[in-house]
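Have a look at the structure below before the remarks.
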Amino acid sequence: MILDSIQKPNDIKQIPKEDYAALAQEIRNFLIESLSKTGGHLASNLGVVELTMALHLVFTLPEDKLIWDVGHQSYTHKILTGRRDSFDTLRQYEGLSGFPKRHESACDAFDTGHSSTSVSAGLGIAQARDLASEQYSVVSIIGDGSFTGGMVYEALNNASRLDTNFIIVLNDNGMSISENVGGFASYLSSLRTNNAYNGLKKATEDKLRQLPSGGENVIGRIRDVKNGLKGMLLPGAFFEQLGIKYFGPIDGFNIDQMVNVFRNARKVKGAVVVHVLTQKGHGYSPAERMPARFHGTGPFEIETGLPAHRKEKADWSDIFSTVMCKEGRKVENLAAVTAAMPDGTGLRRFRGMYPDRFFDVGIAEPHAVTFSAGLAAGGMIPVFAVYSSFLQRGFDQIIHDVCLQNLHVIFAIDRAGLVGADGETHQGIFDLSYLSLIPNMTVLAPKNKWELADMLTWAIHTADYPVAIRYPRGTAWDGMREFRAPVEYGKWEVLYDESDVCLLACGSMVETAASVRDHLKRNGYNCSLVNCRFVKPLDEEVLRRAAAEHTLLVTLEENVEQGGFGDSVVSFFNREGIDVPVEQVALPDEYIEAGSVQLLREATGIDADSVSRRIQTRMIGNIR
């Protein structure tokens, strides 16, 4: 196999040119075979095999710097830098990351995981290079989907003033995760399909030259207005008018063509965009047909593309989807907003049923928040469905545009807590902290699928202020169906009322707390269990009673401890002058790597067995 000769960075430069096509096919075969077992980002990586090969043929790593926007298209880059043998650990605990990581390889110039950051990061690295009087190349590789994020335009505006080389590779496959939306997507589409400028220019000159006299004079006059025609028709005019050189569009599967263009691009004194046309899922028909399905896939059957493990129960996104569609029929001013995630957040059905009230704003979470605020100010009830880690990008807008005006915007926060294989950049472990500190924000966390339905219905019909409902990834828990107290503002649900230990659990940790309670009961302890469904505001009445009637209070949350639910409880007791022992079960103050959710819970000590041992140790000691 040709691929066997790739053992370290720059080995590809020794591969004969006639073997490039075979190497590309071997890489695709390896990716399909490997990811069918581990899961991962397949479609995006299959689309950039030749593009990555061309980059590695032209540039020398790690001296030159490649910055991959988001990074879910960096698998071929990892293979070409000597990490192929680690792919059996991809996205597993202490294994190979699914994203670029500086600690993993010197060839990973910048850690990524969220969208639209690579141009800003690359520009910063280029300026640092210039200040140090160094000569290496800096290349940011960014997808067209990331161009729906506002940071890109801020960076391009800044990059236009650069007078030294900086290369931006626009990987244009027509998609982010789902299909791209908005004006820039339409602009790129026209570049892919329209050769109007060159065709019009040639046809006009040919006709004028056929005139018996004066044709050349007319051609000369036309040249005087050529810049105007360019502004309307020439591919890349958007970039050129910013002062950024543009090459393309070029074929993202033609290695020779890309190598030539990259070599020319690195000679440009200033910022340059190389526009490359690729296809998500290229070379594997199931991924070509269903690129969104294979954006981030679990293990699958290679022959059919079907998941290796069938979903047997509804997940949290399914429950959210069902309630949104049901409420959409009743509430005519209910609207749904997503930031390029209609499938992942469960809004596909709502989009089909109520297209006029569905808004996909692209990968632009800050805009999505303020857009939702505008909808609310205009009389709509917007529900912004977003992953927890992505909502972090709109923090200022939540404060300034939603909560300061106390607008009725509902945040449906999916993937809250530990999400597993995507690792540090995608764990939703900060939202309870950053949302709870904002005045006018109400924060809820459901214990099971029925409570999510009840909370969303309550937020739509009863609340008239900002509401955030956070729920985890994966199968929705269907336990404790018998406990379904109506949702009342700021009121918790006491599930078991005993003595000794009081478990104060929120959201996904109620299921864990139920197991902990069973364990404690078997070991002779009385144990109360409270579903702290409102993380903000706290149910102060229940807290006072719990402090008076129990020996130990235990808070449980799937969020970092700092600023989280447990800290809020402790702060309340301090303000009230109540002296009661509180054991805080939460995630540590650190970024948590990839791994299965259960393994990560065990590693961080928030699983039922770890919590049970911790409580018993505390009870045995002199807790007073």
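The values are calculated or read from the model by the stated rules, or taken from the named source; none is laboratory data. As the structure is a computational prediction, the values presented were derived from the model and not from experiment. Cβ sites come from the backbone with ideal geometry, for glycine too, and all protein chains shown count toward neighbours. Protein only, heavy atoms only, side chains kept; ligands, DNA and RNA dropped before computing areas. Shrake-Rupley method; radii C 1.70, N 1.55, O 1.52, S 1.80 Å.
Quick check: convex hull of the Cα atoms in the stretch 251-315, volume per residue, rounded to a whole Å³?
Output value, Cα hull per residue: 125 Å³.
With a 1.4 Å probe and all protein chains kept in place, how much accessible area does Y284 have, in Å² rounded to the nearest 10?
Number for this one is 20 Å².
So how strong a dipole does the chain carry about its Cα centre when Lys and Arg Cβ are +1 and Asp and Glu Cβ are -1, to the nearest 20 debye?
Magnitude of the dipole: close to 1640 debye.
Which length gain, in nm to one decimal place, applies between N333 and H309 when the Cα-Cα distance is subtracted from 0.36 nm times their residue separation?
Here the segment from N333 to H309 would lengthen by 4.8 nm.
For the chain, give me every cysteine whose Cβ has no other Cys Cβ within less than 4.7 Å, ordered by residue number.
Lone cysteines by the Cβ rule: C107, C325, C403, C502, C527.
Which peptide among 42-49, 337-344, 407-414 comes first, and what is the full order, when sorted by highest mean count of other Cβ atoms within 10 Å?
Sorting 42-49, 337-344, 407-414 by mean packing, highest first, produces 42-49, 407-414, 337-344.
When DSSP assigns beta bridges and you keep just the ones with both residues in the chain, what percent turn out antiparallel, to the nearest 5?
So the antiparallel bridges in the chain amount to around 15 percent.
For K78, which aspartates and glutamates qualify as cross-link partners when the Cα separation must be under 12 Å and same-chain residues fewer than eight apart are set aside?
Counting by Cα, and skipping residues close in sequence, K78 has these aspartates and glutamates nearby: E104, D108.
Any idea what the relative contact order of the chain is, in percent, if you count C-alpha pairs under 8 Å spaced at least 6 apart?
Averaging sequence separation for qualifying contacts and normalising by length gives 11 percent for the chain.
Report the dimensions of the stretch 288-439 along its three principal axes from the alpha-carbon atoms, largest first, rounded to Å.
Principal-axis extents of the stretch 288-439 (Cα, largest first): 53, 36, 27 Å.
Sort the following peptides by mean Cβ neighbour count (other Cβ atoms within 10 Å, averaged over residues), highest first: 136-142, 265-271.
Most protected by this proxy first, the peptides run 136-142, 265-271.
What value does the stretch 451-543 have for Rg/Rh, both radii from Cα atoms and Rh as Kirkwood defines it?
Reported Rg/Rh, Kirkwood definition of Rh: 0.98.
Which links in K311/K536; K447/K536; K313/K521; K8/K101; K311/K449 stretch past 27 Å when you go from one Cα to the other?
Over 27 Å apart, Cα to Cα: K311/K536; K313/K521.
Report, as a whole number in µm² per second, the diffusion coefficient that Stokes-Einstein gives for the stretch 404-451 at 4 °C and 1.567 mPa s using the Kirkwood radius over alpha carbon pairs.
The estimated diffusion coefficient comes to 103 µm²/s.
Rounded, prolate or oblate for the stretch 491-560? Axes are the square roots of the Cα gyration tensor eigenvalues, ordered a ≥ b ≥ c, and the cut-off for rounded is a/c under 1.5.
oblate
Report the gain in length on full extension from E590 to D19: 0.36 nm times residue separation, minus Cα-Cα distance, nm rounded to one decimal.
Full extension from E590 to D19 adds 201.1 nm.
From the P(r) of the stretch 1-103, could you give the percentage of C-alpha pairs in the tail past 19 Å?
Cα-Cα pairs of the stretch 1-103 separated by over 19 Å account for 37 percent.
In nm, give the distance between the simple-model label positions of K491 and S515, each being 7 Å from the Cα along the Cα-to-Cβ direction.
So the two model labels end up 3.1 nm from each other.
Roughly speaking, what is the stretch gain from S285 to Q405, that is 0.36 nm per residue apart minus the C-alpha to C-alpha distance, in nm to one decimal?
38.2 nm
Per residue, what volume in Å³ does the Cα convex hull of the stretch 72-171 take up?
Considering the Cα atoms of the stretch 72-171, their hull volume per residue is 105 Å³.
When you count, for each residue, the other Cβ atoms within 10 Å and take the mean per peptide, how do 481-488, 121-128 rank with the highest first?
121-128, 481-488
Based on the alpha-carbon gyration tensor of the chain, what equivalent-ellipsoid semi-axes (square roots of 5 times the eigenvalues) come out, in whole Å, largest first?
Over the Cα atoms of the chain, the ellipsoid semi-axes are 51, 28, 22 Å.
Between E576 and L242, with labels modelled 7 Å along Cα→Cβ, what's the label distance in nm to one decimal, could you check?
5.4 nm
How many nm is it between the label spots at T164 and T60, if each spot is 7 Å from the Cα in line with the beta carbon?
Between T164 and T60, the label points sit 1.8 nm apart.
To two decimal places, what compactness ratio does the stretch 366-496 give when its Cα radius of gyration is scaled by 2.2 N^0.38 Å?
In units of the 2.2 N^0.38 Å rule of thumb, it is 1.04.
Which log10 I(q)/I(0) values, to two decimals, does the stretch 501-624 give at q = 0.10, 0.14, 0.16, 0.23 Å⁻¹ under the Debye formula with one point per Cα?
Each listed q maps to, in turn, -0.28, -0.57, -0.74, -1.50.
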